């Protein structure tokens, strides 16, 4: 028995596409519905109440679209609103982007883990508390790096601007002796190489999208949710259609997408 | 006869504070109500419909607060929604940030004017059409520079990040022979010195806040709206209270402000 209902994925903007791309790669026979809340992006600077209000609405929309699973492809949404999202999702499977990563790193050999993320994620201390739930001996240092999202969104990857911003952020005193770094924002895998360059191989960069999608596959198999669509569809909804998103979405995800504005 | 009703000022975030600061400096006996729509910032990436919806609501709120004048201290709002704002304001005096600047530069000796602004402002071509209304012989080149707002908001002024971003933007081919530049976003006066440094004095940077507030004074005098409060109050409303705004507001405007969250 195969279940060909779509997998729902959402984020405030393009960041979640790094997760959606990984779903497409590892699950090439699944239909995907992506919701980008571009009208309210970025979430990273907003309050818990505001993020929760928006993410509940999106979750309900995805449930209405008959999604079999919902991937919260946004760290700010996960860290601030995951309980509200799970409640809004009812019986639908919900995968977030923090818990699978926390579980994975907690059981490997690490001494001191750095996390870079948006302000909303860092203020919630979600990585710290999730990781310590699995292994309370680990040291977790969180740092807000709010300029990285706009740098990525505005096409300043691989320029002196991104290089200088990363050098400034990653020279954070408390990062001196970390052995592992988590890119705690779904945008950041897009500058993974540059992060690596700053650390010159000294620090291991965790591959969050891979870990999250492996968790999704694991849970879908357990619940008999695997699909087998020969020609899967990729439907994108945006709360505010902008050329910028369309361009970036095609760059990151590929050209085979259908984009539509959807009031939130 | 003096009119001590407050002057309303609004923006999506902290940018409008450069205008509010100039009002406070040149009109030290006026009460000010500032509305920062931080829940929906930045406006610069949003669509005309979305910006119009938010700005109409804010205008109606300021009218309800009994404001005698409303300063639209946001270029994205002016360029996309000024007609809707004027309609929502009814009889209340409305001053925008583009028209006074366009009028002023159009009647001075310029050959070729560069404008840097957000995407929303550039896409509207507001500067071009306003300036050409007054002097159709001027050449106006507009360039979207969307990374500058987050650079300013995140404290990267006067760093290699701002320097490299400005050098990248201002090396725009069509800017080669401009003699004047307009900082077409209310955030940008905060990096005026750095813009000057890139141009090394070759290009005149227009002082937009000064021009806008002179227009405000001119119109208030004409309509008998001048106040004489000996101890004016500065009331700030935010649609989403964040520490970041509070900090920046105090840095830019001074410590004597009262901040309050207000649902939009």
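The values are calculated or read from the model by the stated rules, or taken from the named source; none is laboratory data. Owing to the predicted nature of the structure, the values given are computational and were not obtained by experimental measurement. We place every Cβ from the backbone using ideal geometry, glycine too, and count neighbours over all the protein chains shown.
Here are some conditions: (1) farther than 22 Å from residue B:205 by Cβ; (2) within 15 Å of the chain's Cα centre (by Cα). Residue B:91 meets all but one. Which one does it not meet? Answer for residue B:91: the failing condition is (2). Only one entry of B:116, B:82, B:191 meets the criterion of being in contact with a strand residue (DSSP E or B) (Cβ under 7 Å, 6 or more places away or on another chain) and over 28 Å from residue B:63 (Cα atoms), and that entry is B:116.
Selection of region B:156-169 for residues being outside any helix (DSSP H, G or I) and within 9 Å of another protein chain (Cβ to nearest Cβ) yields B:156, B:159. Answer with yes or no whether residue B:174 is outside any strand (DSSP E or B), at pLDDT 95 or above, out of contact with any helix residue (DSSP H, G or I) (no Cβ under 7 Å at 6 or more places or on another chain) and more than 24 Å from residue B:64 (Cα to Cα). Yes.
Being modelled with pLDDT of 95 or more and in contact with a strand residue (DSSP E or B) (Cβ under 7 Å, 6 or more places away or on another chain), is that true of even one residue in region B:52-60? Yes, some residue in region B:52-60 is modelled with pLDDT of 95 or more and in contact with a strand residue (DSSP E or B) (Cβ under 7 Å, 6 or more places away or on another chain).
Being closer than 30 Å to residue A:43 by Cα and either surrounded by fewer than 19 Cβ atoms within 10 Å (Cβ to Cβ) or within 10 Å of chain A (Cβ to nearest Cβ) (or both), is that true of even one residue in region B:133-144? For region B:133-144, residues closer than 30 Å to residue A:43 by Cα and either surrounded by fewer than 19 Cβ atoms within 10 Å (Cβ to Cβ) or within 10 Å of chain A (Cβ to nearest Cβ) (or both): present. Kindly evaluate residue A:216 against the criterion of being closer than 26 Å to residue A:60 by Cα and within 14 Å of chain B (Cβ to nearest Cβ). For residue A:216, the condition - closer than 26 Å to residue A:60 by Cα and within 14 Å of chain B (Cβ to nearest Cβ) - is not met. Of the set (1) more than 10 Å from chain B (Cβ to nearest Cβ); (2) closer than 29 Å to residue A:246 by Cα; (3) part of a helix (DSSP H, G or I), all apply to residue A:185 but (3). Filtering A:255, A:263 for residues that are surrounded by fewer than 13 Cβ atoms within 10 Å (Cβ to Cβ) and within 14 Å of chain B (Cβ to nearest Cβ) leaves a single hit, A:263. Number of residues in region B:219-252 that are assigned to a helix (DSSP H, G or I), modelled with pLDDT of 95 or more and either at positive phi or within 14 Å of another protein chain (Cβ to nearest Cβ) (or both): the value is 0.
Could you tell me whether residue A:90 is in contact with a helix residue (DSSP H, G or I) (Cβ under 8 Å, 6 or more places away or on another chain), at pLDDT 95 or above and within 27 Å of residue A:223 (Cα to Cα)? So residue A:90 fits the description; yes.
Out of curiosity, is residue A:211 in contact with a helix residue (DSSP H, G or I) (Cβ under 8 Å, 6 or more places away or on another chain), under 30 Å from residue A:29 (Cβ atoms) and either within 14 Å of chain B (Cβ to nearest Cβ) or without any contact (Cβ under 8 Å) to a residue 12 or more places away in the chain (or both)?
Answer is no for this residue.
Among the strands (runs of 3 or more DSSP E) confined to region B:19-128, the ones with at least 1 residues that are over 24 Å from residue B:139 (Cα atoms) and away from every other protein chain (no Cβ under 14 Å) are located at B:32-36, B:69-72, B:93-96. Considering only residues that are at pLDDT below 95 and over 24 Å from residue A:157 (Cα atoms), look in region B:105-120 and name the one that is surrounded by the most Cβ atoms within 10 Å (Cβ to Cβ). So, considering only residues that are at pLDDT below 95 and over 24 Å from residue A:157 (Cα atoms), the one surrounded by the most Cβ atoms within 10 Å (Cβ to Cβ) is B:105.
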